[in-house]
Amino acid sequence: MSYTISTFFQYIRDTISPYYGVQEAGYVARMILEYLYQQRWQQLFIKDDMPISTENMEKTEGFLVKLLKYQPIQYVLAEAYFYERKFSVNEHVLIPRGETEELMLWAVDEVKAKKGLCKVLDIGTGSGCIPISIYLELKEKGITAQVCGVDISEEALEIAQKNAADLEAKVTFACVDILHIEAEKLGKWDIIVSNPPYIPLKDKAEMETHVKDFEPHLALFVPDEDPLLFYRTIAEKGKIALNEHGVLLFEIYTGHADAICEMLRTMGYEKVICRQDIHGKARMVKAEMRNFPEISLN
């Protein structure tokens, strides 16, 4: 059977819609066509008379086999878009999400508000989408910053380094276990940003199959008995690693917003602000560390 762009779109959508629903299936079908032809959907839609090649039909059948097992389309295609930039992804990194774009943009605004060369550290960098995007957004505005991403996963760092090279972003990366590294070894930073693991294990059963069965658990889950583990650890080490008036920026689990804000205030952070994401959920927190100099009594 021969297909055009529109009829092939319909075929893909109809094949997977019993598993994904019509709206999600349509989104996935567009992503496949954009991948095959390396053009955005708006450009493809006006080329409806273009026939689908046998090669692309065969590739798509391979994609459909994986999709019907609920493998995320981003892993199937090995790519995902973050703030209109294409990033390589695989099963070792979280799939970039729109809510995290908002965190990245908040970090960019914080850099713009500071004077001089700003140093930015992203903890739990995964694909590198946050630090790479920060660097590139600042570069487009003529602002130079020193940006670094750290992660416990060597496999994730390989993907991050590839993305930085592909997107020509001068971001450095290092393998760091944030739970066990001494704060002094992190260096000094003006901004620390993090989208750390924050989903309690007890919530795993309620998650969608394509997330809980395919995305890296190391980057998703925290123990039920200590859901603020990474926020508390990063904030504690931030008291040493942040320069005076340094800023923490977190993506957070909505249900823990109040607890995280209260914890930061108790730890000595000031100007604690919680922001909602595009869906109206409490998703981001900012806090400033005031480092008071020690006063000698002699």
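Each reported figure results from applying straightforward, stated rules to the coordinates on display, with no laboratory input. Computed from a prediction, not measured in an experiment: that's the story for all the values here. Here the Cβ is made from the backbone with ideal geometry for all residues, glycine too, and neighbour counts use every protein chain on show.
Output the DSSP H helices from the chain with an along-axis C-alpha extent of no less than 15 Å and a mean Kyte-Doolittle hydropathy no less than 0.0. Mind dumping the intermediate values first?
Values: long enough: 5-20 (22 Å, -0.06); 22-37 (23 Å, 0.42); 54-67 (20 Å, -0.51); 98-113 (23 Å, -0.12); 129-140 (16 Å, 0.75); 154-166 (18 Å, -0.72); 229-241 (18 Å, 0.08).
Both cut-offs are met by 22-37, 129-140, 229-241.
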- Note on the structure: The set of residues whose placed amide H lies less than 5 Å from the amide H of residue 122, leaving out same-chain residues fewer than 5 positions away, is 148, 149, 150, 193
- Item | Sequence-distant aspartates and glutamates (8 or more away, or on other chains) whose Cα lies within less than 20 Å of residue 185 | 122, 151, 154, 177, 236, 244
- Note on the structure: Across 148, 118, 129, the residue with the highest GNM fluctuation in the chain (Cα network, 10 Å cutoff) is 118
- Query: Among 188, 119, 47, which one moves the most in a GNM of the chain with springs linking Cα atoms closer than 10 Å?
  - Reply: 47
- Note on the structure: Checked against a 18 Å limit on the C-alpha separation, the offending pairs among 141/281; 239/281; 119/139; 115/237 are 141/281; 239/281; 115/237
- Enumerate the amide H contacts of residue 189 below 5 Å, restricted to partners 5 or more residues apart or on another chain; note that Pro and chain-start residues carry no placed amide H. 242, 243
- Query: What is the spin-label model distance, in nm, from residue 97 to residue 225 if the labels are put 7 Å beyond Cα along the C-beta direction?
  - Reply: 2.7
- Asserting the computed 222 nm helical MRE of the chain (DSSP H runs at least 4 long, -39500 (n - 2.57) per run, divided by residue count, to nearest 500) equals -12500 deg cm²/dmol
- Note on the structure: Among the range 64-83, those whose backbone N falls under 14 Å of a label point 7 Å along Cα→Cβ from residue 40 are 81-83
- Note on the structure: One checks the Cα atoms of the range 5-69 and finds Rg and Dmax, in Å, of 11.1, 32
- Query: Using the beta-carbon distance between residue 66 and residue 182 and R0 = 30 Å, what value does 1/(1 + (r/R0)^6) give for FRET efficiency, to the nearest 0.05?
  - Reply: 0.10
- Query: When the label point is put 7 Å from the Cα of residue 232 along its Cα-to-beta-carbon vector, which residues of the range 266-287 have a backbone N closer than 15 Å?
  - Reply: 266-268
- Task: Over the residues of the chain, compute the C-alpha Rg and express it relative to 2.2 N^0.38 Å.
- Result: 1.11
- Placing +1 on each Lys and Arg Cβ and -1 on each Asp and Glu Cβ in the range 114-246, then taking the dipole about the Cα centre, the residue among 197, 220, 131 whose Cα reaches farthest towards the positive end is 131
- Message: Only sites in a loop by DSSP and with at most 15 other Cβ atoms within 10 Å count here; which GluC sites (Glu not before Pro) in the range 107-184 make the cut?
- Response: 168, 182
